[in-house]
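First comes the structure, then the notes that go with it.
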Amino acid sequence: MKRVLIVDDAATVRMYHRGILESGGFAVEEALNGIEALEKALEANYDLLLVDINMPRLDGFGFLKEMRRQEIPQPPAIMVSTEAAARDETAAYRAGANCYLVKPVRPSQLLAHARLMLGEAGR
Amino acid sequence: MNPLLVQFLSESRDFSQDIGQKLLQMEDAPSDQGLINELFRLVHTLKGNSGLFTFPEMTRVLHAGEDLLGMVRDGRIAYSRELADRLLNAIDFVMELCADIESTERIDASRAKDAARMTESLRGLMPAVECEAPASARINAAAATAEEMPTLAELPGATREELLRHCRAGEALNWISYAPVHDCFFQGDDPFFCARQTPGLLWGGARPSEALPSLAELDTYRCVLEFHLVTSASREELDEHFRYVTEQVRIVAVNPQWLELTESNHADPHCIAGRSVIANAPAQTAPSSGAGEAWRERTAAINAIFAAQQQILMLDDHPDWRAGRIRAVGAVLVNLARSAGDQVAASEIQAALTECLSTGRNSLLLLWLETSKAHLIASLSGASAPLSTNPAATRSNGSEEAPPASEVGPAQSTPGDGIKFGRRAEDSSAGPRNLKVDQAKIDRLMNLIGELVVSKNALPYLAQRAETQFGVRELSREIKGEYSVINRIADEMQDAIMQVRMMTVSSIFQRFPRLVRDISRKLGKEVQLVLEDEQTEADKNIIESLADPLIHIVRNSLDHGLETPEIRRARGKPETGTLTIRAAQQADRVVIEIIDDGKGIDPAVIKQKAYEKGLIDESTLERIDDREAINLIFAAGLSTAAVISDLSGRGVGMDVVRSAVEKINGTVVIHSELGMGTTIRISLPLSMAVTQVMIVESDGQLFGIPMDNVVETVRVPKRELRKIKQSLAAVLRGRIVPLKSLNTMLGISATPLANSDDELAVLLVQAGGEILGLLVDGFRETIGLIQKPLSGFLSGLSAYSGSALMGDGSVLMILNIREIV
């Protein structure tokens, strides 16, 4: 089963994303901020990261940069943000995200992205 | 209620509280960048959460708050009291909305106005130019302002994007509001059909035009729906379509800017669906994801992901995490190829990636994308076709299966001077690793442990029976041995659960900054609040029952104790008064002191007032000293303030405080020095979970009496009883002690039994400072037990403070001495 790490400080958002991903047959784990996410990502190889931007301790940009510095397998990362601005999108790519979704993410949209980025065959 | 909504409400409450606190902290440290960042993040996250649901009122207010804080953070506007006030109001409003949602799962339509006002008040603090931005949508709106077309801003984001695409393609869109008259069904209209048949329909929504009555009262022949539609049809076509109901229809040409308006609320509604129906989370009301929609999402995702990888590869910066970034892109592309079942493409990507990593240039991967992207997109879009027929699979060299994405080899370029991961500065701000547990679970555990504590008490009985009844002394000893082990474990468990229930007083102290700030401002007083030793702990119940008395006292101090700046100056005191609230643990009690440096209490005034109100008589007036006089403020019905304000001063404050404190076995003492200030000291037990109780017997029944009330037990020979007037008394240790029979007090007709020496058992108890002898039939042991309050029908019995389960399964009633004496 493909494993997805949700990195978000808002429990509500985590629960929402978890519900969607689990309905798509993925195993989900959660981290509450960048530091915790990094700790987890170094422990285990996740197949996909779903990362919020604004978080305490270490934000999503900081987490992705640090993640991409590591000499470990690099899983794809989806960044989710409330801002639709192109400036933020570019910043996400610079930091190491592979795609950028604007909250609230539609269930079908998130599943479509996750399946493709995880290399799953058509529906 | 749907669990996501429950989670949302719980988190919102926590966040709101946090935001309130941080705002107050900001007042003392307006330039603390860390604090403002934190504040911004909290509001931002809360806004993001609310966006998952259709709560536009909440989202709108939070959005304005977020924008405002963003400006403070960026130094574009300065933090001010005014700003804090408005934000605090906004947060209060959000809390109210949460309460609405909690009770009805939706926000009442009447809130929209408040939300608009609140938003306006927040935006009002922004510089004029910034204000324009959100309002820009209105500039070109000749006929309709954004307020008049609420649904447009509330459209789901994806729908708005799609509509915007139509606009950009040069189509002129019209927005239609169709409010059928209530008796339209009797005029032969079919509004739903009519709305559905609107030419060029791109989006449609329906919602109740007024609050829906309950199902029982619903008149199905009365139309209370209102339709909102967006269409690409021309005005003429629409006029023609709605020609029979022209007066019920409003048509407005859509300005594309309205669609760009980034009010970030967009749930995921069904197309024709009432707003109240979709006021839940999209996850639960997920659109019937038909194959068409999933296919659209998939196609959109394919294009978006490819575009993003291309954009990443074209980035011209060279950070030290570039290699990792490229490897992630490689992983994505390999996975896309695998999604398409195209192993050849996967290995081509792998090769290009390796090349890119060694040269430090992305050109090869970019080149691959340019040449092969279209092919891959085509096979991905047709991926539902059997894989074997995929033309890509037949292409070229038939290499081994590409390694899974997560095994893309390690970077070949040097990792640079990247920080090695480890503990660092951010860690210091780590939140406590606490577990949030529902109170009910703790209570259940507590009850179970209570039962365990009691059940284990059955073992000594058993041991005794083994010995006396069955004559097996060996077994009896073994049971006793087991008992002592279980006893120790039970004690430790009890202690452990007590620790879990311990809370710091900070949970009530944290209300005070806001309270003091609001009240002192209302009264025109300058007050500095000092909170000391907030980390002092006590049992949750104690802490909770402390909250109300403390608020009373603080209000009193602010209202009656501390003077206005003018008076303070005249008296040679600093203009700012100080109110200190201090907690401390002393032995097994927690002591809270509320100290103000205000005008103090004038004993003469109190005496006079008490006399006027008939609380004391003339002789008492002469006799009592200042200390006693001051303590008169705890008497019911005494108010000394010249003017009764709306804050306190109705004379119900202090006696309520005393009874509340005494109810949990606490004491309250006041000390005041005229002109210097007042100190009120509340002393409470650390825990009220375990009560030491003495068991007495009367008329064959057992009763428990809290040890706090028990002074001593004595045996009094019957002949030494004295009858003074109507009541019994005895001389004990040189003083006359009135005696009462417990039976009489409980309405039991039996007379107290004497023992073989013709002595009566007398339990000396104290209640309210007086000592009284209770005549009972006999004394039993003293035990520690967990008292349960009487519930239901029995809760009206004031003579008992609670009940407890005994080791033999019987129920022990615990007397409330203060009430029965």
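A few points about this structure:
- Yes/no for A:Arg68 being facing another protein chain (nearest Cβ under 8 Å), among the basic types (Lys, Arg) and surrounded by fewer than 21 Cβ atoms within 10 Å (Cβ to Cβ): no
- Every condition in (1) without any contact (Cβ under 8 Å) to a residue 40 or more places away in the chain; (2) in a strand (DSSP E or B); (3) surrounded by 15 or more Cβ atoms within 10 Å (Cβ to Cβ) holds for B:Ile783 except the one numbered (1).
- Hey, B:Asn743 in contact with a Pro (Cβ under 8 Å, 6 or more places away or on another chain) and either in a helix (DSSP H, G or I) or open to solvent by less than 60 Å² (accessible area, probe 1.4 Å) (or both) or not: yes
- Residues in segment B:431-466 that are among the polar types (S, T, N, Q), surrounded by 15 or more Cβ atoms within 10 Å (Cβ to Cβ) and part of a helix (DSSP H, G or I): B:Ser455 alone.
- Number of residues in segment A:71-82 that are closer than 30 Å to B:Pro156 by Cα and at the interface with another protein chain (Cβ under 8 Å from one of its Cβ atoms): the value is 3.
- Members of segment B:323-342 found to be free of Cβ contacts under 8 Å to residues at least 60 places away in the same chain and either farther than 15 Å from A:Leu118 by Cα or within 47 Å of the chain's Cα centre (by Cα) (or both), listed by number: B:Arg325, B:Ile326, B:Ala328, B:Val329, B:Leu333, B:Leu336, B:Ser339
- Within segment B:1-117, helices (runs of 4 or more DSSP H) holding 3 or more residues that are open to solvent by 20 Å² or more (accessible area, probe 1.4 Å) and within 14 Å of chain A (Cβ to nearest Cβ): B:3-28, B:33-50, B:56-73
- Selection status of B:Gln535, out of contact with any Lys or Arg (no Cβ under 9 Å at 6 or more places or on another chain) and assigned to a helix (DSSP H, G or I): no
- Qualifying residue in segment B:339-354 (condition: surrounded by fewer than 20 Cβ atoms within 10 Å (Cβ to Cβ), within 11 Å of chain A (Cβ to nearest Cβ) and small (Gly, Ala, Ser)): no
- Residues that are out of contact with any Phe, Trp or Tyr (no Cβ under 8 Å at 6 or more places or on another chain) and facing another protein chain (nearest Cβ under 7 Å), drawn from segment B:289-318: B:Ser289, B:Glu293, B:Ala294, B:Glu297, B:Arg298, B:Ala301, B:Ile302, B:Ala304, B:Ile305, B:Gln309, B:Asp317
- So B:Gly704, is it in the same structural domain as B:Phe634 (by TED's automatic domain parsing) and open to solvent by less than 20 Å² (accessible area, probe 1.4 Å): no
- Checking each residue in segment B:187-239 for being hydrophobic (A, V, I, L, M, F, W, C), farther than 28 Å from B:Thr104 by Cα and open to solvent by 30 Å² or more (accessible area, probe 1.4 Å) picks out B:Phe193, B:Leu201, B:Leu202.
- Within segment B:239-253, no residue that is outside the structural domain of B:Tyr178 (by TED's automatic domain parsing) sits with its Cβ atom under 9 Å from a residue that is surrounded by fewer than 18 Cβ atoms within 10 Å (Cβ to Cβ) and not aromatic (Phe, Trp, Tyr) at 6+ positions apart or across chains.
- Number of positions in segment B:351-381 that are outside any helix (DSSP H, G or I) and either of a type in the set (Phe, Trp, Tyr) or within 18 Å of A:Gln74 (Cβ to Cβ) (or both): 2
- Only residues that are open to solvent by less than 40 Å² (accessible area, probe 1.4 Å) and among the basic types (Lys, Arg) were counted in segment B:500-516, giving 1.
- Selection from segment A:1-39 of residues that are open to solvent by 10 Å² or more (accessible area, probe 1.4 Å), more than 8 Å from chain B (Cβ to nearest Cβ) and aliphatic (A, V, I, L, M): A:Met1, A:Ala27, A:Val28, A:Leu32
- Residue in segment B:635-656 that is modelled with pLDDT of 80 or more, crowded, with 19+ Cβ neighbours inside 10 Å and closer than 23 Å to B:Arg555 by Cα present: no
- Evaluation of B:Leu760 against (1) outside any strand (DSSP E or B); (2) modelled with pLDDT of 85 or more (one fails), failing number: (1)
- Residue ID - nearest to the chain's Cα centre (by Cα), chosen from residues in segment A:40-56 that are surrounded by fewer than 20 Cβ atoms within 10 Å (Cβ to Cβ) and facing chain B (nearest Cβ under 9 Å): A:Asn45
- Hey, B:Ala286 open to solvent by 10 Å² or more (accessible area, probe 1.4 Å), at the interface with chain A (Cβ under 7 Å from one of its Cβ atoms) and either at pLDDT 80 or above or touching a helix residue (DSSP H, G or I) at 6+ places or on another chain (Cβ under 6 Å) (or both) or not: yes
- Candidates B:Thr580, B:Thr564, B:Thr536: the one that is in contact (Cβ under 8 Å) with a residue 40 or more places away in the chain, over 21 Å from B:Val669 (Cα atoms) and hydroxyl-bearing (Ser, Thr, Tyr) is B:Thr564.
- Close pairs (7 angstrom Cβ cut-off, 6 or more residues apart or separate chains): farther than 14 Å from A:Ser81 by Cα and in contact (Cβ under 8 Å) with a residue 60 or more places away in the chain in segment B:48-72, of a type in the set (Gly, Ala, Ser) and part of a helix (DSSP H, G or I) anywhere: B:Thr59/B:Ser50; B:Arg60/B:Ala115; B:Val61/B:Ala90; B:Val61/B:Ala115
- Looking across segment B:753-780, the residues that are small (Gly, Ala, Ser) and open to solvent by 30 Å² or more (accessible area, probe 1.4 Å) come down to B:Ala754, B:Ser756, B:Gly768, B:Gly769.
The values are calculated or read from the model by the stated rules, or taken from the named source; none is laboratory data. Only a predicted model underlies this, so the values are computations on that prediction, with no experimental measurement involved. Virtual Cβ from ideal backbone geometry, glycine too; neighbours counted across all protein chains shown. Heavy atoms of the whole protein, side chains included, go into the accessibility calculation; ligands, DNA and RNA do not. Shrake-Rupley method; radii C 1.70, N 1.55, O 1.52, S 1.80 Å.
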